[in-house]
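A.B. asks: One structure is given below, represented as structure tokens, and several questions about it will come after.
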There are 2 protein chains.
Amino acid sequence: MIRTTGASLTEEVVSRLGSTPDPRMREVMQALVRHLHAFATEVQLTDAEWLAGIRFLTATGQMCDDVRQEFILLSDTLGLSSLVDLINHSDVEALATETTILGPFYVPESPWRENASSIVEFEDGGEATIVRGVVRDDRGTPIRDAIVDVWHNAATGFYAVQQPEVQPATNLRGRFRTNEDGRYEFLTVRPVPYPIPNDGPVGRLLRDTGRHEWRAAHIHMKVSADGHIPLTTHVFDRASDFLDSDTVFGVKDSLIADFVPGDDGSLICEYDITLVREAK
Amino acid sequence: MIRTTGASLTEEVVSRLGSTPDPRMREVMQALVRHLHAFATEVQLTDAEWLAGIRFLTATGQMCDDVRQEFILLSDTLGLSSLVDLINHSDVEALATETTILGPFYVPESPWRENASSIVEFEDGGEATIVRGVVRDDRGTPIRDAIVDVWHNAATGFYAVQQPEVQPATNLRGRFRTNEDGRYEFLTVRPVPYPIPNDGPVGRLLRDTGRHEWRAAHIHMKVSADGHIPLTTHVFDRASDFLDSDTVFGVKDSLIADFVPGDDGSLICEYDITLVREAK
């Protein structure tokens with residue numbers, strides 16, 4: 001009589017999943033089971049830990065509703081969202097500006113605005129800031145009519161979409177087109193660090209693992225141009241707290257920029273972007 | 001400027017989790033992140049697949065309520081529950097009867113019954129069956145006053161706990177004590193295969209992976225005796241369908257027994273149990 005072992009059980013489950021009709025789903029599910037079983041085996045997961053895991057996942061699902069996605073927060077805080085972004089959007093030739101995650105606060109169809117105009121529609125404090133730069137292709141040629149779609153939080157820490165009764169819906173976001181020199185420029189206020197929602201299972205997990213819930217201050221950007229691979233990224237403020245411990249692992253060295261005082265008292269953030277040309 | 005890679009990101013997350021105060025939680029979380037990232041990297045998980053996973057986990061959590069635990073079903077059907085059972089309850093010296101999962105239908109405090117009495121409290125069809133055997137220790141010595149706690153489903157496929165308005169609450173379950181020869185015996189009906197709940201995300205996953213939702217016919221047993229390591233197992237009917245494809249991976253070769261016709265027309269299932277003595 002052959003006794004079942006962990007290894008034989010894992011292979012039985014993997015074999016059973018061989019019946020999956022879709023080849024890609026079969027590959028993903030078999031790899032998932034191998035890694036899930038390897039994890040449990042490596043740590044010799046106890047009955048109590050297994051049950052704690054079941055309860056954590058259940059509470060995470062039950063925290064989700066139309067405006068709260070606790071599983072995405074979990075993915076973000078375990079670095080999985082950033083890893084999936086890297087897998088799918090990193091430029092292996094290292095020519096393009098680095099990407100980072102989209103985040104939960106993107107709203108499509110931001111208003112078109114003129115270069116050098118302001119995205120501030122509601123006065124709520126904050127340091128006046130000019131953000132400007134050049135969008136270039138991977139040969140260094142400036143790109144005219146590239147679209148620079150930006151959004152960030154107010155000095156209070158909140159995005160407009162989080163405060164529908166306070167901020168105008170289009171506050172602190174807008175779309176710009178680069179000029180004939182590839183330049184974009186907008187006026188705004190300095191972004192500030194903010195906590196991700198911490199009143200659910202993910203907040204408890206952060207506390208239990210000795211971590212905080214803060215993101216470093218940043219401005220989101222989606223940049224696109226005809227014939228080029230679009231880019232989703234942030235520009236981080238070098239003076240921000242939490243650059244070394246951004247709770248969703250969104251910071252990359254190359255995305256950190258200086259916000260320096262300009263002649264008129266505003267801060268100036270110069271940030272150039274490189275897009276890679278699409279393969280013909 | 002050093003660009004972030006998948007490997008450097010994984011190590012950053014693992015390093016960040018080094019702040020976890022509890023050493024065991026630190027070990028478990030760091031291993032979890034390494035395996036989660038290794039999975040996503042190995043299959044080069046796409047944005048769309050990541051989002052499908054987020055949605056699946058969310059729906060699984062939202063399917064759970066006081067009587068339905070969809071994440072346990074998920075764990076069961078991915079073989080994780082059986083693996084955790086093996087990790088925690090397999091007898092490395094291979095002396096004891098093999099274990100298998102408890103399952104969701106166990107109810108504590110079943111009625112005490114006399115050996116050779118019936119656990120059938122409600123006539124609903126099924127083949128009359130005698131289940132009997134000897135409980136021994138790992139030297140082969142019969143154990144007197146061992147407790148054999150049994151439960152199984154009716155010929156309709158349902159456990160009493162699933163049909164509170166149809167079956168008496170204590171139907172098809174009971175506790176027996178072995179006699180001076182280590183023997184237990186009870187009268188019942190033959191168990192039948194049954195489907196796990198298939199109207200949720202786990203049912204969809206089974207269908208998408210070309211699998212069915214059936215468990216092979218079995219009788220659950222919890223067996224304990226003073227001075228011995230308690231055991232949770234099943235005895236499976238060798239004539240059952242689905243022995244090779246039990247959807248929760250509960251079947252082990254050594255747990256399959258014959259249900260053979262006896263002189264009085266009842267089936268007889270002889271099933272002996274071995275408990276290992278506790279270390280002094």
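The values are calculated or read from the model by the stated rules, or taken from the named source; none is laboratory data. None of these values were measured; they are calculated from a predicted model. With ideal geometry, Cβ positions are generated from the backbone for all residues, glycine too; neighbour counts draw on all protein chains shown.
A.B. asks: Go through segment B:76-87 and count every residue that is under 11 Å from the mean Cα position of the chain (by Cα), under 19 Å from A:PHE56 (Cβ atoms) and within 8 Å of another protein chain (Cβ to nearest Cβ).
C.D. replies: Residues that pass the stated criteria total 4.
A.B. asks: I would also like to ask the following. On the basis of being more than 8 Å from chain A (Cβ to nearest Cβ), among the charged types (D, E, K, R) and assigned to a loop (DSSP other than H, G, I, E, B), does B:ARG68 make the cut?
C.D. replies: Considered against the rule, which asks whether it is more than 8 Å from chain A (Cβ to nearest Cβ), among the charged types (D, E, K, R) and assigned to a loop (DSSP other than H, G, I, E, B), B:ARG68 comes out as yes.
A.B. asks: Further, regarding this structure: State whether the residues of segment A:259-277 include one that is without any contact (Cβ under 8 Å) to a residue 40 or more places away in the chain and touching a Ser or Thr at 6+ places or on another chain (Cβ under 9 Å).
C.D. replies: No; the residues of segment A:259-277 include none that is without any contact (Cβ under 8 Å) to a residue 40 or more places away in the chain and touching a Ser or Thr at 6+ places or on another chain (Cβ under 9 Å).
A.B. asks: Oh, and also: Residues B:LEU73, B:LEU57, B:LEU95, B:LEU86: which one is of a type outside the set (S, T, N, Q), out of contact with any Phe, Trp or Tyr (no Cβ under 9 Å at 6 or more places or on another chain) and not assigned by TED's automatic domain parsing to the domain that holds B:VAL251?
C.D. replies: On inspection, the qualifying residue turns out to be B:LEU73.
A.B. asks: So, in segment A:119-158, of the ones that are among the aliphatic types (A, V, I, L, M) and assigned to a strand (DSSP E or B), which residue ends up surrounded by the fewest Cβ atoms within 10 Å (Cβ to Cβ)?
C.D. replies: A:ALA128
A.B. asks: Evaluate segment B:88-98: report whether one residue or more is within 7 Å of chain A (Cβ to nearest Cβ), surrounded by fewer than 21 Cβ atoms within 10 Å (Cβ to Cβ) and assigned to a helix (DSSP H, G or I).
C.D. replies: yes
A.B. asks: Is it the case that segment A:40-63 has a residue that's surrounded by 17 or more Cβ atoms within 10 Å (Cβ to Cβ), small (Gly, Ala, Ser) and under 27 Å from A:ALA160 (Cα atoms)?
C.D. replies: The answer is yes; a qualifying residue exists.
A.B. asks: Now a separate question. Could you please tell me which pairs satisfy a Cβ distance under 9 Å, a separation of 6+ or placement on different chains, a first residue in segment A:45-63 that is more than 7 Å from chain B (Cβ to nearest Cβ), and a second residue that is among the acidic types (Asp, Glu)?
C.D. replies: As it stands, the answer is A:ALA59/A:GLU70; A:MET63/A:GLU70; A:MET63/A:ASP199, since those pairs meet every condition given.
A.B. asks: Moving to a separate point now. Can you run down the residue pairs with Cβ atoms below 8 Å, 6 or more apart or on separate chains, where the first is in segment B:105-118 and outside any loop (DSSP other than H, G, I, E, B) and the partner is modelled with pLDDT of 95 or more and of a type in the set (D, E, K, R)?
C.D. replies: B:TRP112/B:ARG175; B:TRP112/B:ARG177
A.B. asks: Just checking, how many residues over segment B:14-33 are of a type in the set (A, V, I, L, M, F, W, C), touching a residue at least 12 places away in the same chain (Cβ under 8 Å) and over 12 Å from A:LEU206 (Cα atoms)?
C.D. replies: The total comes to 2.
A.B. asks: May I ask you to list the residues in segment A:254-275 that are out of contact with any Lys or Arg (no Cβ under 8 Å at 6 or more places or on another chain) and within 14 Å of chain B (Cβ to nearest Cβ)?
C.D. replies: A:LEU255
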